[in-house]
Amino acid sequence: MSVDVLKQLLLDIGIAEQALTEIGPGTRLRADLGLSSVETTDLEIQLRERFGVRINLWDKADYTMEQLAVGIREMPR
């Protein structure tokens with residue numbers, strides 16, 4: 001899983017492209033991108049449906065893009 005794949009997934013769930021123009025590994029989902037609770041839940045659902053991973057995006061204060069990408073890569077499927 002790469003940051004670019006996550007960026008595309010965020011676009012697919014309706015995050016505005018201009019919000020993602022300066023996205024990088026250290027970008028935080030809620031603090032920097034402003035994901036709402038609905039968008040965060042949509043992202044969890046899409047990760048499960050598309051990649052077969054169950055990740056709780058609420059178990060940390062806020063994931064960075066890199067933390068999420070690494071976590072997904074390391075998750076058993």
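The values are calculated or read from the model by the stated rules, or taken from the named source; none is laboratory data. Given the structure is predicted, the values throughout are model-derived calculations rather than measurements. Ideal geometry is used to build each Cβ from the backbone, glycine not excepted, and the neighbour counts take in all protein chains shown.
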Which pairs turn up if I take residues in the stretch 26-39 that are more than 15 Å from ASP59 (Cβ to Cβ) and among the polar types (S, T, N, Q) and look for partners that are crowded, with 18+ Cβ neighbours inside 10 Å and at pLDDT 90 or above with beta carbon separation below 6 Å, at least 6 apart in sequence or on another chain? THR27/MET65
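Inspect the stretch 3-19 for any residue being in contact with a Pro (Cβ under 7 Å, 6 or more places away or on another chain) and in contact (Cβ under 8 Å) with a residue 12 or more places away in the chain and give the result as yes or no.
Yes, the stretch 3-19 contains at least one residue that is in contact with a Pro (Cβ under 7 Å, 6 or more places away or on another chain) and in contact (Cβ under 8 Å) with a residue 12 or more places away in the chain.
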Write out, first by first residue and then by second, each pair whose Cβ atoms fall under 9 Å of each other, whose residues are 6+ apart or on separate chains, and whose first residue, in the stretch 66-77, is closer than 16 Å to LEU33 by Cα while the second is loosely packed, with under 15 Cβ neighbours inside 10 Å and among the charged types (D, E, K, R). GLN67/LYS60
Scanning the stretch 40-61 residue by residue, those surrounded by 14 or more Cβ atoms within 10 Å (Cβ to Cβ) and touching a residue at least 24 places away in the same chain (Cβ under 8 Å) turn out to be ASP42, LEU43, GLN46, LEU47, PHE51, VAL53, LEU57
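Quickly run through the stretch 11-42 and pick out the residues that are of a type in the set (A, V, I, L, M) and under 13 Å from ALA69 (Cα atoms).
Applying the first criterion (of a type in the set (A, V, I, L, M)) to the stretch 11-42 yields 11, 13, 15-16, 19-20, 23, 29, 31, 33, 35, 38.
Scanning the stretch 11-42 gives a single hit, LEU29.
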